[in-house]
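Trainee: What follows is a single structure, and I will ask about it in a moment.
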Amino acid sequence: AQETVLGPAHEYVERANELVEAGKVPEAVEQLNQAVAVQQNDPYILQLRGRLYARLSKWDKAAIDYAESIRLGHGGWLAAAPLLILAGDTDGYRDHCRGMIKEFAAQEDFSALNRVITVCLLLPDVVEVSELPVTTLENLLEDNSTTKSRQAFGCASRAMAAHRAGDPQIALDWIRKSQATETYATTPFLQARVLLLEAMAHHQLHEPQRAAQSLAKASELIETHLPQLPSGRLGSTWSGWLIAEILRREAEAMIGGQTREGDTKAPPDADARN
């Protein structure tokens, strides 16, 4: 939902919102540049501009805005990670993971643990699975008080941990648990993520036909639900779609498909402020 920005930047932000509605994203960014100039250290403005940079595929600039928002204590950890990866900043991504581990890994909050595991395992060979609170997450998943929605995402994260640990059969076991939830059935970007993990697990188990089928299903979801940038609007699940795209590139490289450079897309049907 849109927030109200008070102070000298108010008019610039309002104008930027109007330009976004009119589909004039570069012009909206210029207005937000003015807003940042007159009202520095406003994390809402920074995240708004970061999302617009993402719509323009300016991943490095989007990542910088989200990093500053995090520094200001406003959050954005989950969104910043795929932006850094898409910007090609592996060192920045590694530092981001270290920051998340320090900030969240010792907590017992399900959402925080799930985010840190998801973020830190987006790329192989950056963070060791043993450094992450995987056992704690697994214990929480076995607690009957965990909501069905959390079960779906937590099982997907647990599957990703198994994938990075080189345990494809265990990954498939957790994939099946995620796929059995109602949340999975109604959440396309989660479906894409899980199907890509499934494809890579089948590949590692020397089941090429199943791997290709899962990859094709995931790609169809991504192609169906993500219109081309910059025309597409960014919804509240946009970081989830970027995560799916990153995993798709890994799966295609592993299984033998053609990776499409510069073909990252964004989710439709929501305002870019969401």
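The values are calculated or read from the model by the stated rules, or taken from the named source; none is laboratory data. Just so it is clear, the structure is predicted and the values come from calculations on it, not from any experiment. Here Cβ is always computed from backbone atoms with ideal geometry, including for glycine, and neighbour counts include all displayed protein chains. Heads up: the accessible areas ignore ligands, DNA and RNA and are worked out on the full protein's heavy atoms, side chains in. Shrake-Rupley method; radii C 1.70, N 1.55, O 1.52, S 1.80 Å.
Trainee: Order the peptides 162-174, 44-56 from the highest to the lowest mean number of other Cβ atoms within 10 Å of their residues.
Mentor: 44-56, 162-174
Trainee: Whole angstrom only: what separates the Cα centroid of segment 212-226 from the Cα centroid of segment 20-61?
Mentor: 30 Å
Trainee: What whole-number value in Å² describes the accessible area per residue of the chain for a 1.4 Å probe?
Mentor: I get 45 Å² per residue for this part.
Trainee: Tell me which cysteines of the chain come out unpaired when the rule is another cysteine's Cβ under 4.7 Å.
Mentor: Here 155 come out as lacking a disulfide-compatible partner, given the Cβ-Cβ threshold of under 4.7 Å.
Trainee: Another one. Given +1 on the Cβ of Lys and Arg, -1 on the Cβ of Asp and Glu, and no further charges, what dipole in debye does the chain carry about its Cα centre, rounded to the nearest 20?
Mentor: 300 debye
Trainee: Okay, next question. Compute the whole-percent fraction of alpha carbon pairs in segment 1-144 spaced more than 27 Å apart.
Mentor: Value for segment 1-144: 31 percent of Cα pairs lie more than 27 Å apart.
Trainee: Here is a follow-up. Over segment 1-90, what relative contact order in percent results from Cα pairs under 8 Å that are six or more residues apart?
Mentor: About 21 percent, as a whole number.
Trainee: Same structure again: Go from 0 up to the bin containing the longest alpha carbon distance in the chain, width 5 Å each, and give me the % of pairs per bin.
Mentor: Using 5 Å bins, I get a P(r) of 1, 6, 13, 16, 18, 16, 13, 8, 5, 2, 1, 0, 0 for the chain.
Trainee: Follow-up. Could you work out the relative contact order of the chain, using alpha carbon pairs under 8 angstrom and six or more residues apart, expressed as a whole percent?
Mentor: 15 percent
Trainee: Let me ask something else. Using the Cα gyration tensor of segment 125-213, with a ≥ b ≥ c the square roots of its eigenvalues, what is the shape: rounded (a/c below 1.5), prolate (a/b larger than b/c) or oblate (neither)?
Mentor: Here segment 125-213 falls in the oblate category.
Trainee: Follow-up. In the chain, what percent of the accessible surface is made up of carbon and sulfur (1.4 Å probe, ligands and nucleic acids excluded)?
Mentor: Percent of accessible area from carbon and sulfur atoms in the chain: 47.
Trainee: Compute a Gaussian network model of the chain, connecting alpha carbons closer than 10 Å, and tell me which residue from 57, 157, 130 fluctuates the most.
Mentor: Between 57, 157, 130, it is 130 that shows the largest mean-square fluctuation.
Trainee: Can you work out ³J(HN,Hα) from phi for every residue in segment 164-179, in order, using Karplus 6.51 cos²θ - 1.76 cosθ + 1.60 and θ = phi - 60°, giving whole Hz and x for Gly and Pro?
Mentor: 5, 7, x, 10, x, 5, 5, 4, 5, 4, 6, 4, 4, 5, 5, 5
Trainee: Give me Rg over Rh for segment 72-190, both radii from the alpha carbons and Rh done the Kirkwood way, two decimal places.
Mentor: Taking Rh as the inverse mean 1/r over Cα pairs, Rg/Rh reads 0.96.
Trainee: Here's another thing I want to ask about it. Which net charge results when you count Lys and Arg as +1 and Asp and Glu as -1 among the other residues whose beta-carbon is under 15 Å from that of residue 97?
Mentor: For residues surrounding residue 97, the net value is -2.
Trainee: Still on this model: If I take every Cα pair under 8 Å that is 6 or more residues apart in segment 87-230, average their sequence separation and divide by the length, what percent do I get for the relative contact order?
Mentor: Relative contact order comes out at 16 percent.
Trainee: Accessible surface of residue 146 in the full protein assembly, 1.4 angstrom probe, to the nearest 10 Å²?
Mentor: Looks like 20 Å² after rounding.
Trainee: Treating only the Cβ of Lys, Arg, Asp and Glu as charged (+1, +1, -1, -1), what charge dipole size does segment 119-174 show about its Cα centre? Round to the nearest 20 debye.
Mentor: 260 debye
Trainee: Another one. Could you check the simple spin-label distance between residue 91 and residue 14, using points 7 Å along Cα→Cβ, in nm with one decimal?
Mentor: 4.4 nm
Trainee: Moving on to the next point. For segment 38-80, give the magnitude of the charge dipole about the Cα centre (Cβ charges: +1 Lys/Arg, -1 Asp/Glu; no others), in debye to the nearest 20.
Mentor: Dipole magnitude for segment 38-80 comes out near 160 debye.
Trainee: Shifting gears a bit: Tell me, rounded to the nearest percent, the portion of alpha carbon pairs in segment 74-119 spaced more than 13 Å apart.
Mentor: 51 percent
Trainee: Follow-up. Ordered by packing density, taken as the mean number of other Cβ atoms within 10 Å over each peptide's residues, highest first, how do 20-29, 81-90 rank?
Mentor: Listed from highest to lowest mean packing, they are 81-90, 20-29.
Trainee: Just subtract the alpha-carbon distance of residue 40 and residue 180 from 0.36 nm times their residue separation and send over the number in nm, one decimal.
Mentor: Gain on extension, residue 40 to residue 180, equals 45.8 nm.
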